[in-house]
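*Asks:* Let me give you the structure first, and then I'll get to my questions.
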Amino acid sequence: MPKKWDKRVLCVLMQWDYCDRSRGPGGDKAVFLDTISGLVADAQPFWYDDYVNDPAQLRRLLLEKAAACKPDLVFYASFRDQLDAATLAELNKKSQTCAWFGDDTWRFDSYSSKLAPHFTHVLTTDPFCLEKYRAIGVKPILTQWAALPQGEIPAEPPAGGKFSYDVSFVGGYNRVRAWFLKQLESLGVKVAVFGPGWPAGKVSPEEMLLIFRESRINLNLSNSISRDIRFVLSSPRALASYLRYTKTAEQIKARNFEIPLAGGFQLTNYAAGLERYLDIGREVALFSSPEECAGQVRYYLANEEERAAIAAAGLRRAAAEHTYQKRFEKIFTEIWG
């Protein structure tokens with residue numbers, strides 16, 4: 001089947017989770033390489049994991065790869081200091097370059113703003129950084145994280161179905177999440193927890209989506225340092241983290257779309273701009289504290305039809321608008337027309 005764009009894209013990505021082979025495959029292949037491969041004539045990976053601590057060699061090998069494959073576009077999913085101005089200047093002589101900056105809510109000043117001016121195209125997931133980019137002479141393309149369907153989009157979940165869990169959470173361990181879950185437990189809410197660092201351990205992408213669909217309520221918990229004074233004062237380490245950690249702003253993440261696309265009901269903390277993508281109260285439910293979360297859990301467990309209606313509406317919205325294919329179709333249309 002002919003691809004939508006007769007272009008060649010060189011994708012500069014990490015193969016392993018945070019470039020650590022022991023953590024297993026990362027998401028870059030499925031999210032970026034496979035999605036782009038479905039839209040362009042040729043997409044080739046440049047995996048930089050083995051050179052992540054040797055930027056000079058990484059940049060030399062990337063230039064050699066680009067010279068060999070002659071891409072129309074070099075796409076880079078940003079991580080740390082893999083690329084620099086000199087390397088991008090060489091790439092820009094023969095190709096367009098494009099960077100995905102997915103953490104601008106907390107590292108625009110320290111990272112993105114320094115590298116972005118050297119790319120042909122810049123993608124940001126933070127609408128509140130658009131003016132900041134323009135102020136440094138960059139015309140950004142606003143995009144967002146999204147979800148990957150696993151096979152066919154599931155049918156809308158009916159009210160009164162069978163579930164394996166009342167409340168679940170899937171995500172890596174951190175102190176903020178551990179504190180929040182402990183607060184919920186003290187309020188009488190038990191949560192089935194899965195992910196790296198928790199006793200149940202990491203689950204596969206397929207298992208994760210099954211958990212989303214088989215849970216009456218899926219919690220989406222913050223990955224940022226909490227400003228709740230109870231957490232800040234819960235231990236010396238929590239206080240120290242709060243004072244020095246830069247990741248203090250809530251972000252819209254892929255999980256916001258993965259849960260509804262699997263047919264799950266999502267109860268999440270608020271991230272600025274979420275209402276641009278999901279209708280609050282109709283397609284997703286929100287909480288702002290452990291107490292409010294516990295109250296929402298009790299409410300939606302007792303109101304099955306309303307819970308199922310929100311899950312079904314979220315599924316319809318995610319399937320129609322919030323897949324990576326939809327995201328990259330818009331991106332490439334803006335770049336190539």
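The values are calculated or read from the model by the stated rules, or taken from the named source; none is laboratory data. Keep in mind it's a predicted model, so treat the numbers as computed, not measured. All Cβ positions, even for glycine, are placed from backbone atoms using ideal geometry, and neighbour counts span all protein chains on display.
*Asks:* Scan the range 201-216 and tell me whether some residue there is under 24 Å from Thr105 (Cα atoms) and modelled with pLDDT under 95.
*Replies:* no
*Asks:* Given the conditions (1) among the polar types (S, T, N, Q); (2) loosely packed, with under 15 Cβ neighbours inside 10 Å; (3) within 26 Å of the chain's Cα centre (by Cα), and given that Gln57 satisfies all but one, which numbered condition is not satisfied?
*Replies:* With respect to (1) among the polar types (S, T, N, Q); (2) loosely packed, with under 15 Cβ neighbours inside 10 Å; (3) within 26 Å of the chain's Cα centre (by Cα), Gln57 is out only on (3).
*Asks:* Looking for whichever is modelled with pLDDT of 95 or more and either in contact with a Phe, Trp or Tyr (Cβ under 7 Å, 6 or more places away or on another chain) or under 23 Å from Ile331 (Cα atoms) (or both) here; the options are Gly38, Gly26. Which one fits?
*Replies:* Answer to the selection: Gly38.
Okay, residues lined up against (1) over 14 Å from Val12 (Cα atoms); (2) surrounded by 13 or more Cβ atoms within 10 Å (Cβ to Cβ); (3) not small (Gly, Ala, Ser):
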site: Val52; (1), (2), (3): no, yes, yes
site: Glu64; (1), (2), (3): no, no, yes
site: Leu91; (1), (2), (3): no, yes, yes
site: Ala116; (1), (2), (3): yes, yes, no
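*Asks:* Inside the range 166-177, can you point out the residues that are surrounded by fewer than 16 Cβ atoms within 10 Å (Cβ to Cβ) and outside any loop (DSSP other than H, G, I, E, B)?
*Replies:* Hits for the range 166-177 are Asp166, Arg175.
*Asks:* How about the range 228-337: which helices (runs of 4 or more DSSP H) wholly inside it have at least 3 residues that are assigned by TED's automatic domain parsing to the domain that holds Ile217 and either closer than 23 Å to Gly161 by Cβ or modelled with pLDDT under 95 (or both)?
*Replies:* In the range 228-337, 229-232, 236-244, 255-261, 290-302, 304-321 are the helices (runs of 4 or more DSSP H) which contain 3 or more residues that are assigned by TED's automatic domain parsing to the domain that holds Ile217 and either closer than 23 Å to Gly161 by Cβ or modelled with pLDDT under 95 (or both).
*Asks:* Which pairs do you get when a residue that is under 20 Å from Gly102 (Cβ atoms), found in the range 52-79, comes within reach of a residue that is basic (Lys, Arg), reach meaning Cβ atoms under 9 angstrom, with the pair 6+ apart or on two chains?
*Replies:* Close Cβ pairs satisfying both conditions: Val52/Arg80; Leu73/Lys7; Leu73/Arg8.
*Asks:* Is it true that Leu123 is within 26 Å of His322 (Cβ to Cβ) and touching a strand residue (DSSP E or B) at 6+ places or on another chain (Cβ under 9 Å)?
*Replies:* yes
*Asks:* Let me ask you something else. Where the second residue is surrounded by fewer than 13 Cβ atoms within 10 Å (Cβ to Cβ) and the first is polar (S, T, N, Q) and lies in the range 144-164, which pairs have Cβ atoms under 9 Å and are six or more apart or on separate chains?
*Replies:* Gln144/Arg276; Gln150/Glu206
*Asks:* Now, a different point. Can you tell me which residue within the range 118-162, out of those that are of a type outside the set (Gly, Ala, Ser) and exposed (fewer than 15 other Cβ atoms within 10 Å of the Cβ), is farthest from Leu73 (Cα to Cα)?
*Replies:* Lys162
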